[in-house]
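First comes the structure, then the notes that go with it.
Here, each number is a calculation from the coordinates, and none is a lab measurement. In this text, all values refer to a predicted model and were calculated from it rather than measured experimentally. Methodologically, a virtual Cβ is constructed for each residue, glycine included, from the backbone with ideal geometry; neighbour enumeration extends over all protein chains shown.
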């Protein structure tokens, strides 16, 4: 009954979201242009209102509790709706240009629906989409040549705004038959790709005999090699080529390759980029579907 009567101030929610993003009260205070004491008080007041602890301390700073993780999704939604109402009532439309870097596998799948929906709501926001390998994207971001980037979290040392887990599934041409008596022909990433090591680990975990049948430098190259029938490739389900299938999960075959992808934003970004970050954060269900 108490939860039904909650009246959450967006001022408190914005403080909560900023602390969650940066990981420290001091850093959040600088970004919000408030005192550290004021931000601490806002977090305490929010915790008193909801009746649970939202943050716990660790060696890395403040981390969200399980209740905080639940609160995060709702806070983003409520703040975004508050901003949207303000824009609609005042007739204001965001006009901006965003430099978005995306690893090829996501540009070809997960983000299409999100970016399409974002553009439909924000037609005056221009988006430059830069598709490069993970490490190249990280370098461009560090050089401040990108406003936002979506790449493997091992490529950047800073804390991402959003993290989600993805699995690379073993993909083959539909008529491919795996002969477990012989080394499996693997279509492998380039050595410098951050997904190479977890791929090898997945193969080693089940003591699978394998050989490198082909090294693919791009998603197109990997998809082509699979469709030609050269071998087996670790690919996201959203990028599975036509006429191909994923291997059954058998004890004789390698398991899925787990990777983690992060969304990163420059510390000081324009309104359009900030709004796109919030938009992606509110639509993470699409990313994990």
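With a ≥ b ≥ c taken as the square roots of the eigenvalues of the C-alpha gyration tensor of region 166-259, please select rounded if a/c is under 1.5 and otherwise prolate if a/b is larger than b/c or oblate if it is not? Write down the numbers at each step before the final one.
Numbers: a/c = 1.32, a/b = 1.06, b/c = 1.25.
Rounded, because the longest to shortest axis ratio a/c is under 1.5.
Please report the antiparallel percentage of the DSSP beta bridges confined to the chain, to the nearest 5. Display every interim value, and only then the final one.
Numbers: 22 of 40 bridges.
Of those bridges, close to 55 percent are antiparallel.
With each pseudo-label sitting 7 Å past Cα toward Cβ, what's the residue 24-residue 154 distance in nm, one decimal?
Distance between label points: 2.8 nm.
Compute the FRET efficiency between residue 190 and residue 33 as 1/(1 + (r/R0)^6), taking r as their Cβ-Cβ distance and R0 = 35 Å, and round to the nearest 0.05. Could you put the intermediate results ahead of the total?
On the way: r = 44 Å, r/R0 = 1.26.
Working from the Cβ atoms, E equals 0.20.
For residue 130 and residue 181, FRET efficiency with R0 = 35 Å and r from the beta-carbon atoms, rounded to 0.05? Please report the intermediate quantities before stating the final value.
Working: r = 45 Å, r/R0 = 1.28.
Result of the calculation: an efficiency of 0.20.
Could you check how many percent of all C-alpha pairs in region 3-89 are farther apart than 22 Å? Walk me through the numbers on the way to the answer.
Values: 850 of 3741 pairs.
When all Cα pairs of region 3-89 are counted, 23 percent exceed 22 Å.
Restricting to Cα atoms and excluding each atom paired with itself, what does the Kirkwood estimate give for the chain in Å?
Details: mean 1/r = 0.0472 Å⁻¹.
Final number for the Kirkwood radius of the chain is 21.2 Å.
Can you give me the Cα centroid spacing of region 15-39 and region 210-249 in angstrom?
Result: 45 Å between the Cα centres.
For an R0 of 35 angstrom, estimate the FRET efficiency from the Cβ-Cβ distance between residue 82 and residue 116 and round to the nearest 0.05. Provide the component values of the computation, followed by the final result.
Details: r = 24 Å, r/R0 = 0.69.
According to the calculation, E is roughly 0.90.
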